[in-house]
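Only one structure is covered here, and it is reproduced in the block below.
The values are calculated or read from the model by the stated rules, or taken from the named source; none is laboratory data. Note that the coordinates shown come from a computational prediction; the quantities given were computed from them, not determined experimentally. Counting neighbours? That spans all protein chains shown, and the Cβs are built from the backbone with ideal geometry, glycine included. In case anyone asks, the SASA skips ligands and DNA or RNA and just uses the protein heavy atoms, side chains included. Shrake-Rupley method; radii C 1.70, N 1.55, O 1.52, S 1.80 Å.
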Amino acid sequence: MSVNSAERGTLLDVVLVKAGRTKIRYTAELLGDDGTRIAVRAPWAGEGVRDFGFVRFEKGDVFTEHYWRDRWYSVKEVRDFAGVLKGWYCDITRPAVLSGTELVVEDLDLDLWRSADGRDVRRLDEDEFEASGLTETDPEAAVAAVAALDELERLARGGDFEALAD
């Protein structure tokens, strides 16, 4: 599906899969699809507040999410109810697959956070990634996942990170 076959504003079901099971499913508004990158917007889909210590996701937050068919990550711009930028939460994933109105993304456990001011960049869940066994069950995917995290961290620390969400 590309911009030519789906109108901006179309509702999609975003399905985040982890270890073969659906982790979360939520509805998002399609902002654009250029054939490679898919952009959607959705309210915080979690239950209640998720406090990471360095950021809180809560009711009223809005996520503008960017998924790629050829990259091993997604980038989610997070704003509060008033539109103030909190930062970017990035998931390391297999490339996204859009089928009809369902956008499926397989989470590979690694994550990256970049604060709005760019001063706080942190790699997350490396212990979960190690425990997942992906390095043994799918070594090529594990290498791609670590390379994607390294690329995002490099961009977040001084590259053109904001261009990912343009």
Q) Would you call LYS18 in contact with a strand residue (DSSP E or B) (Cβ under 6 Å, 6 or more places away or on another chain) and modelled with pLDDT under 95? A) yes
Q) Is there any pair with a first residue in the stretch 133-146 that is closer than 11 Å to ARG94 by Cβ and a second that is β-branched (Val, Ile, Thr) whose Cβ atoms are under 7 Å apart and which are 6 or more apart or on different chains, and what are they? A) ALA145/ILE92
Q) Taking the condition in contact with a Pro (Cβ under 6 Å, 6 or more places away or on another chain) and open to solvent by 40 Å² or more (accessible area, probe 1.4 Å), does ARG69 pass? A) yes
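One line per residue, one yes/no per condition, for (1) on the phi < 0 side of the Ramachandran plot; (2) of a type in the set (D, E, K, R); (3) out of contact with any His (no Cβ under 8 Å at 6 or more places or on another chain):
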| residue | (1), (2), (3) |
| --- | --- |
| VAL14 | yes, no, yes |
| ALA19 | no, no, yes |
| ARG25 | yes, yes, yes |
| ALA39 | yes, no, no |
| TRP44 | yes, no, yes |
| PHE54 | yes, no, yes |
| GLY60 | no, no, yes |
| PHE63 | yes, no, yes |
| HIS66 | yes, no, yes |
Q. Among (1) open to solvent by less than 40 Å² (accessible area, probe 1.4 Å); (2) closer than 14 Å to TRP88 by Cβ, which single condition is PHE54 missing?
A. (1)
Q | Subset tally (residues that are without any contact (Cβ under 8 Å) to a residue 60 or more places away in the chain, in contact with a strand residue (DSSP E or B) (Cβ under 7 Å, 6 or more places away or on another chain) and of a type outside the set (Lys, Arg)) for the stretch 68-90 | A | 7
